[in-house]
Amino acid sequence: GQQVMQIPQYQHVQEGEDFTTYCNSSTTLSNIQWYKQRPGGHPVFLIQLVKSGEVKKQKRLTFQFGEAKKNSSLHITATQTTDVGTYFCAGPGDSSYKLIFGSGTRLLVRP
Amino acid sequence: DVKVTQSSRYLVKRTGEKVFLECVQDMDHENMFWYRQDPGLGLRLIYFSYDVKMKEKGDIPEGYSVSREKKERFSLILESASTNQTSMYLCATRPPWRPQHFGDGTRLSIL
């Protein structure tokens, strides 16, 4: 079945360092969404990418959608302690209702 | 803002008990979802519903059932709880082709 894989599973960085998480799908995606889950919280939608090769920025966060629309990345420049949490990518499943989530990357930031 | 309310943040039950997890949304969305979240496994879809009394199995429906008698309420039922169902359970709602909105989650422990 369709799979969405995400690496790394964990990343522990010093505050100020950069961070990247990668998402790969076994099938071509019509779009990809990114969510952030703070410790003790629930996933919150960050952004959706739709176009091949699309790049979007939200302050220190840069999101990319691959040319083949099978992979995506989230890059955080100069991490801060407020970036701590788990980042999930998600792509459409085999029906219009479903989202397939990656396993998430947990980011820890040392102050 | 979309509000998704789960009836309990924490719940402790015993093996063999019938357990009900309740979820209510205030946005009149057709689609509602139940996920479980386990470390390293991300979010796995248990069941979803695209209309009142309509339901479909997700990726891990075994040991669970659901009920959608009213549009705003989607219940997850553990018919006979087992220890391997100890997990975080997240309810979500999603308009077609839009991001998902999650509840705060229920951390369920089965003893």
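The values are calculated or read from the model by the stated rules, or taken from the named source; none is laboratory data. These numbers come from a predicted model, not from an experiment. Counting neighbours? That spans all protein chains shown, and the Cβs are built from the backbone with ideal geometry, glycine included. Each accessible area value is taken on the protein alone, full model and side chains, heavy atoms only, with ligands, DNA and RNA left out. Shrake-Rupley method; radii C 1.70, N 1.55, O 1.52, S 1.80 Å.
Miscellaneous remarks
- Which numbered condition residue B:12 fails, given (1) within 12 Å of another protein chain (Cβ to nearest Cβ); (2) hydrophobic (A, V, I, L, M, F, W, C); (3) open to solvent by 40 Å² or more (accessible area, probe 1.4 Å): (1)
- When residues of region B:17-30 are limited to those that are open to solvent by 40 Å² or more (accessible area, probe 1.4 Å) and at pLDDT 95 or above, the one farthest from the chain's Cα centre (by Cα): B:17
- Selection within region A:33-70 - in contact with an Asp or Glu (Cβ under 9 Å, 6 or more places away or on another chain), within 12 Å of chain B (Cβ to nearest Cβ) and closer than 21 Å to residue A:3 by Cα: A:36
- Conditions (1) out of contact with any Gly (no Cβ under 6 Å at 6 or more places or on another chain); (2) modelled with pLDDT under 95; (3) within 15 Å of residue B:42 (Cβ to Cβ); (4) not basic (Lys, Arg); number of the one not met by residue A:39: (3)
- Under the condition of being more than 18 Å from residue A:28 (Cα to Cα), aliphatic (A, V, I, L, M) and not in a loop (DSSP other than H, G, I, E, B), the residues counted in region A:75-111 number 4.
- Boolean, residue B:33 is touching a strand residue (DSSP E or B) at 6+ places or on another chain (Cβ under 9 Å), closer than 24 Å to residue A:89 by Cβ, within 12 Å of another protein chain (Cβ to nearest Cβ) and modelled with pLDDT of 95 or more: yes
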